[in-house]
Amino acid sequence: MSEQRQRVLLTGGAGFIGSHLAEALLRRGAQLTIVDNLDSFYDHSVKKANLNAIRGIGEYEFHALDICDMEQLSQVMAFRCPEVVIHLAACVGVRPSIGQPKLYERVNVAGTLNLLELCRQFHVSRFIFGSSSSVYGATSCVPFSENHVELRPLSPYAATKLAGEMLAYTYAHLFGLQVICLRFFTVYGPRQRPDLAIRKFTELLEAGKPLPIFGDGSMARDYTYVDDVVAGILASIDLKFRLPSNGAPFEVFNLGNSHPVKLTELIELLENVTGRKATCEWRPPQPGDSPVTWADTSKAARILGYRPATPLKEGLSSFVRWYRDAAQGCSEPPEGLESQTVDASVRTSPQ
């Protein structure tokens, strides 16, 4: 597939990972369409700031559109005729999904099905699905490999991501849609969502407030810098499929750092980077949380050439610099950013 003016539709492009990916796509000459409903899961102004940052790299078309609105989504697909659809929009977060399972099912499963069906109708060449390391759940086999078949999701969010993968496989099998599912492992970096641990801990450290620690601090996560994840997504766009024996053009890849770090170690690194001492408030473990995530990235390295290049301390330093700049008002979004074509109700939450 040619990189020049490749037509790409990106859902969730106003979010954390999506905005970084959008910039990378524009830099390589893509004709980019972003679909994002600017959900109120976190402050609206954050997503508007992200969209304006993308505009600083290049021009794109934006639609404030809910992926559950099949009719308006179909209009965008018919108008833009994308060659590649990258689907990052979702209701996100393990803990919120426990209280709102039906919302997560509707957006993450039915919304994904809408996109797959439109990819079939409009003859899209490739569908790239932003999945999650949470699909591995309670497995005791580490590091997590794409070959694991006994997946045990521990939350509605995780279950909906696994359901999205299975629907995507079905469309690859039945209709020959080229599908790549990417399991992201605890992505962090500039623009990180306010609800995620590194962002929350940094905010509390800077304010001199205690950090809430759920469990005994031994929970480990495979923290992955956003630029490394973006590189893996771009490699997935360029991958030339070699059809397996079953004939379905379908692949799953872990995008992680393959180096789990305990929560107590993360806090020590943040103390070092911020120059501030943490006070911890110990609390009971939260339901739905996995004790460890750890990516086996050998398949992604072999097939995609994926090699994460950002050590955690370096990535944390980059994040803290961005956070402090933003806190001083350097990231204030200008007013007046509106949808160019569609104005839909706010329902979903981009990643």
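The values are calculated or read from the model by the stated rules, or taken from the named source; none is laboratory data. In this text, all values refer to a predicted model and were calculated from it rather than measured experimentally. Glycine gets a Cβ as well: all are built from the backbone with ideal geometry, and neighbour counts include every protein chain shown.
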For this session: Kindly list, by first and then second residue, each pair from a residue in the stretch 186-197 that is at pLDDT 95 or above and of a type outside the set (Asp, Glu) to a residue that is surrounded by 21 or more Cβ atoms within 10 Å (Cβ to Cβ) and in a strand (DSSP E or B), limited to pairs with Cβ atoms under 7 Å and residues at least 6 apart or on different chains.
Result: Thr186/Arg221; Thr186/Thr224; Val187/Thr224; Tyr188/Tyr225; Gly189/Tyr225
Exercise. Could we say that Ala295 is of a type in the set (Gly, Ala, Ser), within 22 Å of the chain's Cα centre (by Cα) and buried (at least 20 other Cβ atoms within 10 Å of the Cβ) here?
Worked result: yes
For this session: Give the number of residues within the stretch 157-170 that are aromatic (Phe, Trp, Tyr) and buried (at least 22 other Cβ atoms within 10 Å of the Cβ).
Result: 1
Seminar exercise, completed: The condition from (1) farther than 23 Å from Val187 by Cα; (2) in contact with a helix residue (DSSP H, G or I) (Cβ under 8 Å, 6 or more places away or on another chain) that Glu83 misses is numbered (2)
Exercise. Looking at the stretch 252-263, is at least one residue in contact with a Cys (Cβ under 9 Å, 6 or more places away or on another chain) and closer than 30 Å to Leu10 by Cα?
Worked result: yes
Problem set entry | Unmet criterion (only one of (1) assigned to a helix (DSSP H, G or I); (2) under 15 Å from Thr293 (Cβ atoms); (3) not acidic (Asp, Glu)) for Tyr169 | (2)
Exercise. (1) closer than 28 Å to Pro287 by Cα; (2) touching a residue at least 40 places away in the same chain (Cβ under 8 Å); (3) not acidic (Asp, Glu): which one isn't true of Ala159, the others all being true?
Worked result: (2)
Seminar exercise, completed: Within the stretch 172-214, the residues that are over 17 Å from Ile17 (Cβ atoms), in contact with a strand residue (DSSP E or B) (Cβ under 6 Å, 6 or more places away or on another chain) and not in a strand (DSSP E or B) are Ala172, Leu177, Phe201, Leu204, Pro210
For this session: Can you work out which of the residues in the stretch 129-145 that are of a type outside the set (Gly, Ala, Ser), out of contact with any His (no Cβ under 7 Å at 6 or more places or on another chain) and crowded, with 18+ Cβ neighbours inside 10 Å is nearest to Ile17 (Cα to Cα)?
Result: Val135
Exercise. Does Leu154 meet the test of being out of contact with any Asp or Glu (no Cβ under 8 Å at 6 or more places or on another chain), over 21 Å from Val229 (Cβ atoms) and surrounded by fewer than 23 Cβ atoms within 10 Å (Cβ to Cβ)?
Worked result: no
Exercise. Restricting the stretch 212-255 to residues that are farther than 30 Å from Leu269 by Cα and of a type in the set (A, V, I, L, M), which is surrounded by the fewest Cβ atoms within 10 Å (Cβ to Cβ)?
Worked result: Leu243
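Yes/no matrix, rows are residues, columns are (1) at pLDDT 85 or above; (2) aromatic (Phe, Trp, Tyr); (3) under 25 Å from Val92 (Cβ atoms); (4) surrounded by fewer than 18 Cβ atoms within 10 Å (Cβ to Cβ):
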| residue | (1), (2), (3), (4) |
| --- | --- |
| Ser258 | yes, no, yes, no |
| Thr279 | yes, no, no, yes |
| Gly288 | no, no, yes, no |
| Ala300 | yes, no, yes, no |
Seminar exercise, completed: Taking the stretch 118-170 and the residues there that are in contact with a Lys or Arg (Cβ under 8 Å, 6 or more places away or on another chain) and among the β-branched types (Val, Ile, Thr), the one that is modelled with the highest pLDDT would be Val135
Exercise. What number of residues in the stretch 91-141 are touching a residue at least 40 places away in the same chain (Cβ under 8 Å) and either among the β-branched types (Val, Ile, Thr) or on the phi > 0 side of the Ramachandran plot (or both)?
Worked result: 11
Seminar exercise, completed: the stretch 23-118: strands (runs of 3 or more DSSP E) wholly inside it with 2 or more residues that are within 18 Å of the chain's Cα centre (by Cα) and surrounded by fewer than 19 Cβ atoms within 10 Å (Cβ to Cβ) are none
For this session: Exactly one condition in (1) surrounded by fewer than 20 Cβ atoms within 10 Å (Cβ to Cβ); (2) over 21 Å from the mean Cα position of the chain (by Cα); (3) of a type in the set (A, V, I, L, M) is not met by Leu270; state its number.
Result: (1)
Seminar exercise, completed: In the set Gly58, Gly29, Gly93, Gly15, the lone residue that is in contact with a helix residue (DSSP H, G or I) (Cβ under 8 Å, 6 or more places away or on another chain) and farther than 27 Å from Thr186 by Cα is Gly58
